[in-house]
Amino acid sequence: MSPTRRAAAFGLLGAAGAMTPLSRAFAEPDPAEAPDEDAPDTALDTGEDRYDHMLAPVTINGQGPFNFLLDTGANVSCVSHRLAEQLSLEPRESARVHTVVGVRERPIVLLDELQVGPRNRKRVRAPSLPIKGPEVDGVLGVDWLKGQRLVLDFRARRLEITRSQRDEGVPGRIVIVPARRRHGQLTIVDADLNGTRISAIIDSGAQSTLCNSRLRDIARSQELRSGRRTEPVIVRMETLAGESFTGESVFLPFLRLGGLQLGNVPVTCADTHVFDIWDLADKPALVIGMDLLGQFEQVALDFGRSKVKFEFT
C-alpha cells in the first residue's frame, strides 16, 4: 500500500544509558567488534505483525516463547511493559531511551536469560517500553548478534544467524553492497540518488522507508528540472512505543545501492531524532524499512565483514 494512504509504524532505534542511542548501550562492548565464535548457527521460522515486521520466538527466563520484533536499527533489546509485568520483572534503575522521535527516561529490568533458538545471553539489562499492539512482546536489537551474519529470508519467512562469511554476487540476482559499522549497526556507504552520495541505514524495525529533508530537497530539485511537480501529502506515523509524528510523502526517481538500482521509490520525509543520533541531520540520508526490504527474497547483514547482500529474482 502506498505511504500516502496508510499510517506507518517505526521501530525504536532505541538504547538505554546516558550515551547516545547508537553508541555503546550500558557501556557494553560494541557488538560488532566482539564476535561470538562459539555461538551456534540458528534458523527460526518467523511470524509477522500488522505492519509486516518480522517476529522471532524468544524465551525469557525459561518462559515463552514470546514474539520479539527483529529490529536492526536498535542497539539494545527491549521488553514491553506488558511482558515485564507478566514475568514479574521489577525495574532496578532507569535510563534514557532513544526512539525515532526523541528520548525519554525508561525503567530498566534484568533478564536472567534471553534465548533465541540455541543462542542465549545471561543477565541482559533491557529497557521496558509501552510497546503498542498485543502481538509484539519485545524487541531484539543488534546487541545479541555480536559480529555475526543475519539473514532475513522474506520468501520463506525465516531468519538465520551464522558466522560471518564471504558472499559472492550473481549478476541479476545477488548484489553485495559495502557498509560501515558504527556502534553495532550497518550503514550502506556505496549509495546515491541520481549521482548525489547518500547514507542508507538498514532498519528492519521500520515499516516504512524514511528520509530527511536534505534528501527530499535533492529529489524535489530533480523533479522540477524534469518539468514535474508532485504535491506533498502528509502521512501520520507512530513508533512502536506509541509516539506519533508526521511526515511528507516523497518519490525518489532513481536510487542506487551498490550495484542495485531502484526507480520511483516511495519514502516518507521527516526530520526526526533518528537522524540526529546518527549524525546525519545535515547529510542526505535514508532509513530503509520493511516496505523496501520486503521486496527482496533475502537480505543478509554481515556485521563481521560490513557487507549487505540483496537477493532477488
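The values are calculated or read from the model by the stated rules, or taken from the named source; none is laboratory data. Predicted model only: the values in this text are computed from it and were never measured. Cβ placement follows ideal geometry from the backbone for every residue including glycine, while neighbour counts extend to all protein chains displayed. For the accessible areas, the whole protein counts, side chains as well, though only heavy atoms, and no ligand, DNA or RNA atoms are used. Shrake-Rupley method; radii C 1.70, N 1.55, O 1.52, S 1.80 Å.
Taking the accessible area of the chain, probe 1.4 Å, and keeping the other protein chains in place, the carbon and sulfur fraction comes to 45%. As an exercise, find the ratio Rg/Rh for the range 41-96 from alpha-carbon atoms, using the Kirkwood inverse-distance average for Rh. With Rg and the Kirkwood Rh in hand, the quotient comes to 0.98.
With bins 5 Å wide beginning at 0, the percent of Cα pairs of the range 166-299 falling in each bin runs 2, 9, 20, 24, 21, 13, 8, 3, 1.
Springs join every pair of Cα atoms under 10 Å in this Gaussian network model of the chain, and among S88, S204, S77 the largest mean-square fluctuation is at S88. An ellipsoid equivalent to the range 54-209, defined through the eigenvalues of its Cα gyration tensor, has semi-axes of 30, 19, 14 Å when rounded to whole angstrom and sorted largest first. Computed across the range 250-313, the Kirkwood radius stands at 13.5 Å (inverse of mean 1/r, all Cα pairs).
Helices in the chain, meaning DSSP H runs of at least 4 residues, each add -39500 (n - 2.57). Divided by all residues, the mean residue ellipticity at 222 nm is -2000 deg cm²/dmol. Over the range 58-139, with a single point scatterer placed on each C-alpha, what log10 of the ratio I(q)/I(0) does the Debye formula yield at q = 0.18, 0.19 1/Å? Result of the Debye calculation: -0.71, -0.80.
Among beta bridges from DSSP that stay inside the chain, the antiparallel ones total about 85%.
Approximating the spin labels as points 7 Å out from Cα along Cα→Cβ, the Q261-to-T313 distance works out to 2.3 nm. Give, in whole angstrom and from largest to smallest, the semi-axes √(5λ) of the equivalent ellipsoid of the range 78-124, with λ running over the eigenvalues of the Cα gyration tensor. Value: 21, 14, 10 Å, ordered largest first. Highest mobility in the GNM of the chain, judged by mean-square fluctuation with C-alpha springs under 10 Å and restricted to V79, V116, V265, is found for V265.
Taking every C-alpha pair closer than 8 Å and separated by at least 6 residues, the mean separation divided by the residue count of the chain gives a relative contact order of 24 percent.
Radius of gyration (Cα atoms) of the chain, expressed as a multiple of 2.2 N^0.38 Å: 0.95. With contacts taken as Cα pairs under 8 Å and at least 6 residues apart, the range 172-271 reaches a relative contact order of 30 percent.
By the compact-protein rule of thumb, 2.2 N^0.38 Å, the alpha-carbon radius of gyration of the range 194-265 corresponds to a ratio of 1.21. Principal semi-axes of the equivalent ellipsoid, √(5λ) from the alpha carbon gyration tensor of the range 178-220, are 20, 14, 8 Å from largest down.
How many Å² of accessible area per residue for the chain, probe 1.4 Å?
Details: 12750 Å² over 313 residues.
Result: 41 Å² of accessible area for each residue.
Taking each residue as 0.36 nm, the span from T42 to E231 lengthens on full extension beyond its C-alpha to C-alpha distance by 63.4 nm.
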